[in-house]
Structure formats: C-alpha cells, structure tokens
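Visitor: Structure in structure tokens, see below.
The values are calculated or read from the model by the stated rules, or taken from the named source; none is laboratory data. Not measured: the values here are computed from a predicted model. Positions of Cβ are generated from backbone atoms using ideal geometry, with glycine treated the same way; all protein chains shown enter the neighbour counts.
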Amino acid sequence: MSDKSPSLIELPDISPKTFMALLLYIYGYKLPDLGNDISQIRRVLEAADKYGVTNLKLEAEVCYASSLSLTLENVLEHLSFAEAKNCAYLKEKAVDFIIRNTTEIIKRKTITTTSEGPSMSDILAAVARSQDEKKAEKELCAMSINELRHRAHEKGLDVDGSREMLVSTLESST
C-alpha cells in the first residue's frame, strides 16, 4: 500500500483500559490488580474470551469469583454470565451457593423456572433432602473444576471449558 496515513483498527466494544490490560497480558505482563471492581474484571474476562486469550480469561474468572459477593438476589445473574462465557469455575461457585442456600431459596421463591419440566424448587428440595445421604467417591463427575483443570493440565489437555467437556476429555484420555 502506498497510503501514507497510519492504519487504524477500531475496536468499539472494548474500553482503552480493558484493551491495555489485554495487550499487556499478551506481551507477558501479569493481570493488573483490578481490586474488587467486578464490572472491570468482567470486561477483561469478556475481552479475553472474545479474543481467545485463555489464560487471561481463567485468571480473570478466578479474580471475578473471589471478588464476587453472591446473594440470593444476584446469583442467577452471575450463573447466567458464567454459562454464557463458559466460565466453569464461576458456574461452580454459583451452583455451590445455590446448594448451600436451598432452604432459603425455596422459602423465598428466589429461583423459578419458566420452561417445561420439573420446577427448580422441586429439584432444590430433592437436593436438600439428599445432601446428607451418601458421600460419593471422588469420581471425575464429582470433582471440583479446579481439580478437573489440574488433572487436564497435568495431561497436557485444554483447561478451558465446561465441566462436561473437562470430564469427557479426561475420560477419553485414559
């Protein structure tokens, strides 16, 4: 090209602060301290997911989950975000919160279902009843996301993905 004007690439969906965090991470710097700014952590996580910077996404996900204060009012929002962005660790934290608070959720009717099938309150009631029945052995399907990711990493497998993907990959690698 003989055009002497500099080429510009516009990224309208990413703030300069978020882009800087992404760029610095790509060039080998650590994730900057984002404090407890959930919205900024979320933007970094979304950018890392969009641009395929998996390790940054995983670090941002852990930062997001540890900075998050789950409540009965916001757990579904964060669970939906975790589902949409394939954040297995964040999803596990939200689901664990729901399980720990099943009785309160059932009382308050905080979680409802709109689709056909069993209601969420029925499922949660069954979970609440069965919590103390048996302790299952540590099988892949019962492991935490961190344990699954650790095993996948040890075997040189992809560590980004849903619980189902991690379990399936680990099962097929043995």
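Visitor: Can S67 be described as touching a residue at least 12 places away in the same chain (Cβ under 8 Å), touching a Leu at 6+ places or on another chain (Cβ under 9 Å) and of a type in the set (S, T, N, Q)?
Guide: Yes.
Visitor: Same structure, new question: Do you know which of the residues in the range 159-174 that are loosely packed, with under 13 Cβ neighbours inside 10 Å and not β-branched (V, I, T) is modelled with the highest pLDDT?
Guide: Only one residue fits best here, namely S172.
Visitor: From the list L45, L31, L22, L11, which one is in contact with a Lys or Arg (Cβ under 8 Å, 6 or more places away or on another chain) and under 22 Å from K85 (Cα atoms)?
Guide: L45
Visitor: Could you grab the pairs with beta carbons closer than 8 Å, sequence gap of 6+ or different chains, first residue in the range 10-28 and farther than 17 Å from R42 by Cβ, second one loosely packed, with under 14 Cβ neighbours inside 10 Å?
Guide: Here the result reads L24/P32, each pair linking the range 10-28 to a residue that is loosely packed, with under 14 Cβ neighbours inside 10 Å.
Visitor: Is it true that some residue in the range 35-57 is under 24 Å from N146 (Cβ atoms), among the β-branched types (V, I, T) and out of contact with any Ser or Thr (no Cβ under 8 Å at 6 or more places or on another chain)?
Guide: Within the range 35-57 (the criterion being under 24 Å from N146 (Cβ atoms), among the β-branched types (V, I, T) and out of contact with any Ser or Thr (no Cβ under 8 Å at 6 or more places or on another chain)), the answer is yes, since at least one residue qualifies.
Visitor: If you don't mind, there's one more thing I want to ask. Only one of L76, L70, L58, L45 is closer than 21 Å to M143 by Cβ and within 15 Å of the chain's Cα centre (by Cα). Can you tell me which?
Guide: Of the residues listed, the single one that is closer than 21 Å to M143 by Cβ and within 15 Å of the chain's Cα centre (by Cα) is L58.
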